[in-house]
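Q: Once you've had a glance at the structure underneath, I'll fire off some questions.
Coordinate-derived values only; no laboratory data. Predicted, not measured: the structure shown is a model, and the values here were computed from it. Here the Cβ is made from the backbone with ideal geometry for all residues, glycine too, and neighbour counts use every protein chain on show.
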Amino acid sequence: MSDRQQEFPFSPELCSSLPASCGKRHGSWLAGFLVFSVILLCVAYLPSNLTVLSGAVEALPLRLVYLPDYAVQTIGRMLLGLGLSLVSALLCVALIFRSRWAAKCLLPLLDVGQAFPVLAIPLLVLPFVQSHMPTQAVGAEVVVIMTIWCSQFWGMVQVLCQRFYGVPAELEDVVCCFGLTSWQKFWQLEVPFAIPALVRKTMLSMGGSWFAALYAESVVLDGHNWLFAGIGSYVRQAACERNVGALLAALACMLVIIVVFDQILFRPLSAWAVRFQPGKVGEPHLAEPWFLKLLRRTHLFRLCVLFCVNAARRFSRLPIGARYVQEHTVDGNTQWGGWLVAALAVVVALFAAVMAWPLLYATCGLPVLFSVILCGGITGLRVFVMVGLVSLIWIPLGVWLGLKSPYAGRMQRLIQYCTVFPANLLFPLWAAGLVACPFVPTFWLSPLIVLGAQWYIALGVLAGASAYPSDLLEAARNLNVTGSLWWRKVLLPGILPYYLAGLVAATSSAWNAAIAVEWLQWGQTTLSVHGLGSFMAMAAARGDVSAVALGAVAMCLFMMALNAFLWRPLSDYVSRRLKLN
């Protein structure tokens, strides 16, 4: 991230957490609602008091000699989760683009999966894993890796779908001319075309993945601390013992891990992925990172790379599948088929809702259902207020920095590092400050919701101001456009696509962070504010998995409603009216 040549430009559609938009997804909101109804029906049949087995680890040693071991275990889980996310995302996208029925089944899951809160995964999965896994160690790995997988998988599928639908027509013609099969087209055209965007999306999502991993390693369930050896459990134990020194040591260790990931993994990947960007042929070579240079000077590494390259070429050239032919025919029954599928989806959704309502009413009761809706509204209001306050700070600051080219690059690199850093490492320190100042009300927990999410807005505004055409700014200066007119007519319309992408990502991140923010512990003191996150956290502390699932489904419904009725119409308006061609 330090060299300008190694940086990827900020792309609005890649930062946004909205599902990929394409012309083949008519009625996706209806299909998503159908999937949501089925999930609601499953939650209704979930028993109210699910048995949580014993075996929780109540304490972990906090000596610094154990911290490197915890860090290694967290890094191993992260790498394994990233690898599984990549393989499963490629498999999912291959099914979407090779089977029409698979696309109709998987694309609605993309809508629901991106809206489902990631931090609810360990609370819901842990009881089932503990009852079916032979040992606690295996269950711990499954819970944490599955949480990391959920934090990365949906974003990878989204960006792959966007890039696959955006393959230029001339490249499609080349595939037809060479007579490549569907297998060869997938590995030699579509996947290489998506590699740069996939690397960018993974880098932007690492902050959420670290956040989810550290949270999953220290789950409070059924009144016990389920501490799985890692940095997250180390931080939870330090908070329980009020050990500020251990918290600072964990924070420093996490900074070292982020730097190591950047230097050894993402910077070489960025330099390698640049070669797949269109329009790079004939341009001067970019500066390579030091670690990549060091590896290329190693004889053993060169032999391994040559072996992997040859194996990958043979793998991608296997004559599997039929030859690719561009489809130009139009099915006349498509419209009637679409109406039939929509009617069937409505019937199934209504049937699921009718079946789920008596069970939910008998299990939870009408007051609990109203309380969940009220808590969701309070959390949503808190999220929007804090995101709005952060926007008032970062829009003028980002514009000032973005128009000052000497500062824009440095600030953007700093923001990228802040985006990757997991904000929940700072939550115990904030809780310690609130406990030390009893005259400060607990609603001061609210700024923690946007502590990590604000960097998406900052990155979007800064990138939008940096990418603003200089000739338009010069024209506005020649016409003497100043003051509020300059902001309303010149600058804000130009940076709105970037700001909207950052706003969507920040809002989604803040909704997920509410589970960890609205209910904090410092020693024996519990700090909580009223909201959907605290409802789920307190239900998990009681061992009421059914209430946790109900809160997760309610949060998913709120996010789906925002995507369908707010963010997607705004994105369509921006792409239609405020796009520079």
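Q: Sort 167, 220, 504 so that the residue with the fewest other Cβ atoms within 10 Å of its own Cβ comes first and the one with the most comes last.
A: Ascending number of Cβ neighbours within 10 Å: 167, 220, 504.
Q: Same structure, new question: Between residue 485 and residue 404, what length comes free when the chain is fully extended (0.36 nm per residue of separation minus the Cα-Cα distance, one decimal in nm)?
A: 27.1 nm
Q: Compute for the stretch 141-192: radius of gyration divided by Kirkwood radius, i.e. Rg/Rh, restricted to C-alpha atoms, rounded to two decimals.
A: Rg/Rh for the stretch 141-192 comes to 1.20.
Q: Roughly speaking, what is the stretch gain from residue 255 to residue 417, that is 0.36 nm per residue apart minus the C-alpha to C-alpha distance, in nm to one decimal?
A: 57.4 nm
Q: Using Cβ contacts closer than 10 Å as the measure, can you line up 446, 209, 88 from fewest to most?
A: Taking fewest neighbouring Cβ atoms as first place, the list is 88, 446, 209.
Q: Taking the beta-carbon count within 10 Å as an exposure proxy, list 123, 445 from fewest neighbours to most.
A: 445, 123
Q: Loop-only chymotrypsin sites (Phe, Trp or Tyr not before Pro) in the stretch 364-462, please: DSSP not H, G, I, E or B, and at most 13 other Cβ atoms within 10 Å.
A: 439
Q: Hey, another quick one. Can you grab the distance from the C-alpha centre of the stretch 405-447 to the C-alpha centre of the stretch 287-301, Å, no decimals?
A: 36
Q: In nm, what is the difference between 0.36 nm times the number of residues separating residue 314 and residue 86 and their Cα-Cα distance?
A: 80.0 nm
Q: Using alpha-carbon positions, what is the distance between the centroids of the stretch 162-197 and the stretch 459-490, in Å?
A: The distance from the Cα centre of the stretch 162-197 to that of the stretch 459-490 comes to 37 Å.
Q: With +1 on the Cβ of every Lys and Arg and -1 on the Cβ of every Asp and Glu, and nothing else charged, how large is the dipole of the stretch 163-287 about its Cα centre, in debye rounded to the nearest 20?
A: Around 200 debye, computed over the stretch 163-287.
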